[in-house]
Structures are given as C-alpha cells and as structure tokens.
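Report on the structure given below.
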Amino acid sequence: MARQQVASSMLAVALIVGAFASIPTAVQSIGVCYGVLGNNLPSRSDVVQLYRSRGINGMRIYFPDRQALDALRGSGIGLILDTGNDDVLAQLASSASSAASWVQSNVRPYYPAVNIKYIAVGNEVQGGAAQSILPAMRNINAALAAAGLGAIKASTSVRFDAVANSFPPSSGVFAQGYMADIARYLAGTGAPLLANVYPYFAYRGNPHDISLGYATFRPGTTVRDSGNGLTYTNLFDAMVDAVVAALEKAGAGGVRVVVSESGWPSGGGFGASVDNARSYNQGLIDHVGRGTPKRPGALETFIFAMFNENQKGGDPTERNFGLFYPNKQPVYPIRF
C-alpha cells in the first residue's frame, strides 16, 4: 500500500454546497483486505472465522499465504490473491514456465474449494517495473487457461494517481501509456481493473478545497461535473468515475472497476480519527451497493484493512487503518 496519492488534481471539488440525503442500500459484495504485518495478529483460521461471523464475504491477501488459503477452504469468501511485486513479478513476466509453476503451486491446489476470483498481478507497481505488468498478466492468463482455471480473472491493482486530470471526473485520463495497453488487454479478457481509491489522501493533501464531509460520506456537499452533467455527493464516487473516464478514453469503456483498497485511518495523522474512520468506512459499506453516478449498480469494494498492523513501516497512519484490533475487538462500531 504505497501511500503518496496525488491530491492536487482534485481542486475545488467541495466548494459547491447543497443538501443531499444518503439512503443506505444493501451491499452486493464488500470485502476487507487482510494484511499480516504484525507480531500479535490472530491465527489464520481465527481470522477467517471473524470474517464469517461479521458477514464479510470478500478478502484480499497480498501473497500466496498457504495457511490463509487452507483456512479459506469451504468458506465461500471471494478472494483477491496477489502474486507479490519485485522479483516475483519480473519472473512471471519473463517466463511462461514460471507463471505455469506459480499457478500450479498457488492456485490449482486450492481452487475451487477456495473461491479465488481475481489474481492481482502486482500492487501499485511503480517505475520501470510497471513494464512487467502486462507480460506477467499474459503469462498468468495462459497458465490459468492451460490448467482449466480460466474462470479466474488476472488483473493488476493500481494507485489512484495512475489517473491524471481527475477533476472533474469526466476529465480523467491514464497518466502513462502502458496503462492504456493494460486497459485494452483487460477489455479482451473480461477482467476488471483493480483500483486502490483513497479519499483520505486526497483530503489530507488538499483540505482547503476538499471538505471533510464530502470526503467521508457525510451529507451536505454536491459537486456538478460540467463535462458529463453528473452530480457528485462524495469524493469516492468522483474518484472512481475518474478511473472510468480514463478507461473510456483508452478504448476500454466496458472494463469494470473493482475497488481493491479503500479506507480511512483512525489515528496517526491529519484527519485520522476514530470518528472520521467510522464515518468513512460505514458510509462506504452503505454506499457501494448502488454504485457511482457514471456506473449505477453494485460496485465490488475491498476495505483496507482488517487489522491495525504494528509492523508496518512508513507514515504512522499506516498502522491505523484496521477495522479491528489484533484481539479481534472492533476499533469502532461497524456493521456489514
């Protein structure tokens, strides 16, 4: 979860004020990302039981964690399985046999007992390594097809700043040419684009122009996009629809977006509080069942993260994104 998301392009998004009441809708699919960078976390089997007891029907794991995969057998929980970055990604890109071996070791022994829906071929990959994403996805898809596992979709998980000109949302365009190539490839395979979308970082980077209420699903702010005529009542929708606009401009308007990470920290930095985190995450759960102004309908979304992880590096907020403490008690009341 690399975290310096660009907020400057979200200028003036919360200066137009108007009343709007949000009506909760049943969520079709809400997942929670399960990170393990802590020395005091519950066992994998206890974690899966916690997901089931709280009605959480999706999970993302960031590497092929065999204990977690074993614990997920028969649970029905829909899974995003990450390949990992760096050397793994380079190997998958350069060698079809490496991709075949990866699938045989990390997918075939578990599917369909484990409901693997998507394979994230890289997470927020930056710089020159990004050139490995598309060849690695091609090799993984070929390996899945050869193993009779073509129902599992391979994609990649991108930072929001893969999109430039994100305000207004209709102006969104991919910042780098390789993303347009990835988008068109996904259009051909039927896989979604996985996008990490964090209104928190946009708000933190530009609190003068972005209101806290607009960023945390609190009613009272409306923003009209003069490019498409749509009205936005929260920053999350505006950010997702900027990704949609970028897909359309790349000639891949039929590609779905799955929000592979979104969340708000409960401490450790500007705007990070229990109240704001609860407002954002509960608002997200209640909202995504009806989609965005550009794409109405259920929007598959994964909250980051299940636990506060005490061994995460970087900004102190990184250790405070959890919905639960390691003792499995909620950081704040939340309902799924």
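Things worth noting here:
- Residue within the range 121-140 that is within 30 Å of R52 (Cα to Cα) and surrounded by fewer than 17 Cβ atoms within 10 Å (Cβ to Cβ) present: no
- The range 79-100, residues that are without any contact (Cβ under 8 Å) to a residue 40 or more places away in the chain and not β-branched (V, I, T): L79, L81, G84, D87, Q91, S97
- Tally, over the range 307-318, of residues that are in contact (Cβ under 8 Å) with a residue 12 or more places away in the chain, outside any helix (DSSP H, G or I) and open to solvent by 30 Å² or more (accessible area, probe 1.4 Å): 4
- Restricting attention to the range 226-251, the residues being among the acidic types (D, E), open to solvent by 10 Å² or more (accessible area, probe 1.4 Å) and touching a Ser or Thr at 6+ places or on another chain (Cβ under 7 Å) number 0.
- Residues of the range 139-182 satisfying the condition of being under 18 Å from Y200 (Cα atoms) and either of a type in the set (V, I, T) or touching a Pro at 6+ places or on another chain (Cβ under 7 Å) (or both): V158, V163
- Looking only at the range 245-280, and only at residues there that are part of a helix (DSSP H, G or I) and touching a strand residue (DSSP E or B) at 6+ places or on another chain (Cβ under 6 Å), the one that is nearest to A154 (Cα to Cα): A246
- Restricted to the range 107-120, and to residues there that are part of a strand (DSSP E or B) and either open to solvent by less than 20 Å² (accessible area, probe 1.4 Å) or without any contact (Cβ under 8 Å) to a residue 24 or more places away in the chain (or both), the residue that is farthest from A202 (Cα to Cα) is I116.
- Flag if S166 is open to solvent by less than 10 Å² (accessible area, probe 1.4 Å), over 21 Å from N85 (Cβ atoms) and in contact with a Gly (Cβ under 6 Å, 6 or more places away or on another chain): yes
- In the set F336, F321, F304, only one residue is open to solvent by 30 Å² or more (accessible area, probe 1.4 Å) and either out of contact with any Cys (no Cβ under 7 Å at 6 or more places or on another chain) or under 21 Å from D237 (Cβ atoms) (or both); that residue is F336.
- Residue count, the range 189-243 (criterion: in a strand (DSSP E or B) and not aliphatic (A, V, I, L, M)): 5
- Extreme residue, farthest from P169 (Cα to Cα), among residues of the range 212-241 that are in contact with a His (Cβ under 9 Å, 6 or more places away or on another chain) and not aromatic (F, W, Y): N234
- Residue list for the range 145-163, filter: open to solvent by less than 20 Å² (accessible area, probe 1.4 Å), within 16 Å of Y185 (Cα to Cα) and touching a helix residue (DSSP H, G or I) at 6+ places or on another chain (Cβ under 9 Å): I152, A154, S155, T156, V158
- Set side by side, the residues D65, D86, D82 differ, and just one is under 18 Å from V121 (Cβ atoms) and at pLDDT below 95, which is D86.
- Test: residue in the range 63-77 that is assigned to a loop (DSSP other than H, G, I, E, B) and at positive phi: yes
- Complete set of residues in the range 43-62 that are basic (K, R) and either in a strand (DSSP E or B) or open to solvent by less than 50 Å² (accessible area, probe 1.4 Å) (or both): R60
The values are calculated or read from the model by the stated rules, or taken from the named source; none is laboratory data. Nothing here was measured: the structure is a model prediction, and the numbers come from that model. Please note: Cβ atoms are built from the backbone with ideal geometry, for glycine as well, and neighbour counts cover all protein chains shown. Accessible surface areas use protein heavy atoms only, side chains included; no ligands, DNA or RNA. Shrake-Rupley method; radii C 1.70, N 1.55, O 1.52, S 1.80 Å.
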